[in-house]
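Okay, so here's the structure we're looking at.
The values are calculated or read from the model by the stated rules, or taken from the named source; none is laboratory data. Nothing here was measured: the structure is a model prediction, and the numbers come from that model. Cβ placement follows ideal geometry from the backbone for every residue including glycine, while neighbour counts extend to all protein chains displayed.
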């Protein structure tokens with residue numbers, strides 16, 4: 001009886017467990033081909049740039065052009081992923097990337113390509129991928145059960161890095177044999193299987209009973225959630241630092257092949273393949289990293305190992321030694337990025353999952369883009385070797401960030417709580433009525449005052465990240481046992497959203513605060529319209545009209561009624 005649960009848990013934790021699900025397996029295989037094409041195009045673009053210009057900064061700008069869109073449009077992309085059908089969003093975004101890859105192929109075939117044109121269409125392809133990423137990654141939880149989500153995240157990383165293992169080497173051969181135009185054409189073709197699989201996916205879309213937020217408001221909601229989530233803020237800050245420093249390896253690899261190893265396109269492809277092979281190893285071992293080490297210890301081990309690998313790449317003059325160092329660099333890079341990714345996915349509830357993953361993408365891609373630009377300029381001044389050694393030194397001291405920004409402990413995903421019934425309303429309200437003021441009155445014994453106040457600091461973050469503002473907690477100076485929590489929501493509709501965005505752990509936190517309440521009467525909750533002009537009439541509305549303007553009650557659930 002005791003062995004069966006262990007076998008089930010082990011099966012769920014296994015790296016191949018998500019592949020047992022047909023939908024995930026089909027999308028994963030198609031994404032593998034798409035990633036393969038993207039890596040082949042990357043080789044073609046980087047090598048084409050080295051043939052058109054001798055300056056290191058323009059070579060490094062190829063990576064910037066591919067990654068910068070992710071930083072620039074990630075938050076709108078995340079909001080779109082949360083607001084609309086994620087399957088439709090992925091189809092549109094892949095179509096944008098396909099259009100960019102096709103245009104680049106045609107221009108290269110007609111020999112009309114220039115450094116500026118190359119960067120422009122790399123930016124278009126990057127924009128399609130930027131829109132695609134949040135919708136694709138946040139839909140993974142719809143393709144597999146919750147217990148296999150960490151393995152599914154790792155497998156998606158493996159997909160990219162299997163492509164990195166073989167794609168660059170294949171790309172080097174293709175570029176050497178048929179030129180960059182062939183690499184661009186293959187990338188365009190490789191988008192088609194993923195488009196077909198996603199088109200055939202019969203996703204069950206469950207629309208919210210509440211009207212969709214506007215894009216600008218949805219972006220604000222995402223930023224508000226992240227800024228009031230300490231664990232996500234820490235993960236994003238550490239991700240950004242990792243991207244800025246570690247981006248030196250990715251951005252300068254063409255110059256390592258050309259200037260340090262005196263090789264050509266095939267050498268560059270082999271180096272990228274070594275990095276990708278290491279990344280596959282890192283992704284395959286991610287479950288062991290999570291079992292044996294805390295998040296902070298794992299990131300510390302990854303960054304220190306990355307520092308030594310970068311120094312070896314800078315000082316090694318033999319292709320074999322450089323490739324071995326890149327295998328190590330790829331393994332620890334992938335392990336760190338996967339740990340960051342899993343941390344964000346398991347920390348964000350479903351309603352804001354796309355926006356949280358978009359912020360993660362912005363952190364890692366923005367870091368790489370900024371780092372590529374900076375390391376490229378340093379290379380122009382001091383050379384490839386010096387730039388890599390400087391990056392190695394910076395990576396070596398980066399674990400000191402853990403003193404102030406310690407990686408949070410990540411467990412299982414915090415699931416959304418059940419939908420609460422709408423509160424009783426006797427005013428004629430519309431969705432735009434507001435602002436709404438909520439006051440919650442507690443009676444707490446003086447002995448529990450400090451403990452209650454500490455819990456309310458966490459309640460504050462919970463309310464604010466789900467949409468409240470102007471939060472305060474006050475204590476009656478004439479009656480020390482009387483406490484009043486107060487917060488605002490912009491409109492009645494925003495209040496209904498804020499009320500039902502709480503996760504199970506947040507509802508438990510609210511109940512923990514209520515448990516401090518003493519006395520014969522329950523906690524008193526008042527919901528007031530702050531500027532009630534629209535509710536003041538010369539004559540009473542008919543009951544039918546008032547009822548029609550108040551959103552209906554659809555469900556009831558136990559838990560906090562605030």
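See the values below:
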item: Number of the condition not met by residue 54 [criteria: (1) at pLDDT below 80; (2) assigned by TED's automatic domain parsing to the domain that holds residue 176; (3) in a helix (DSSP H, G or I)]; result: (3)
item: Test for residue 485: is it surrounded by 12 or more Cβ atoms within 10 Å (Cβ to Cβ) and modelled with pLDDT of 90 or more; result: yes
item: Among the residues listed as 324, 358, 369, the single one being under 24 Å from residue 154 (Cβ atoms), buried (at least 21 other Cβ atoms within 10 Å of the Cβ) and assigned by TED's automatic domain parsing to the domain that holds residue 393; result: 358
item: Check on residue 225, at pLDDT 90 or above, in contact with a helix residue (DSSP H, G or I) (Cβ under 8 Å, 6 or more places away or on another chain) and part of a helix (DSSP H, G or I); result: yes
item: Selection count where residues are touching a residue at least 60 places away in the same chain (Cβ under 8 Å), within 17 Å of the chain's Cα centre (by Cα) and more than 18 Å from residue 44 (Cβ to Cβ), scope the stretch 85-135; result: 6
item: The stretch 215-226 - residue that is within 15 Å of residue 464 (Cβ to Cβ) and in contact (Cβ under 8 Å) with a residue 24 or more places away in the chain and, of those, surrounded by the most Cβ atoms within 10 Å (Cβ to Cβ); result: 222
item: Yes/no for residue 171 being buried (at least 23 other Cβ atoms within 10 Å of the Cβ), within 17 Å of residue 48 (Cα to Cα) and in contact (Cβ under 8 Å) with a residue 60 or more places away in the chain; result: yes
item: The stretch 191-214: number of residues that are within 15 Å of residue 352 (Cα to Cα) and surrounded by 14 or more Cβ atoms within 10 Å (Cβ to Cβ); result: 1
item: Residue within the stretch 256-263 that is outside any helix (DSSP H, G or I) and in contact (Cβ under 8 Å) with a residue 12 or more places away in the chain present; result: yes
item: Boolean, residue 180 is within 27 Å of residue 105 (Cβ to Cβ), surrounded by 23 or more Cβ atoms within 10 Å (Cβ to Cβ) and either at pLDDT below 85 or within 21 Å of the chain's Cα centre (by Cα) (or both); result: yes
item: Residue 336 being modelled with pLDDT of 90 or more and either surrounded by fewer than 24 Cβ atoms within 10 Å (Cβ to Cβ) or on the phi > 0 side of the Ramachandran plot (or both); result: no
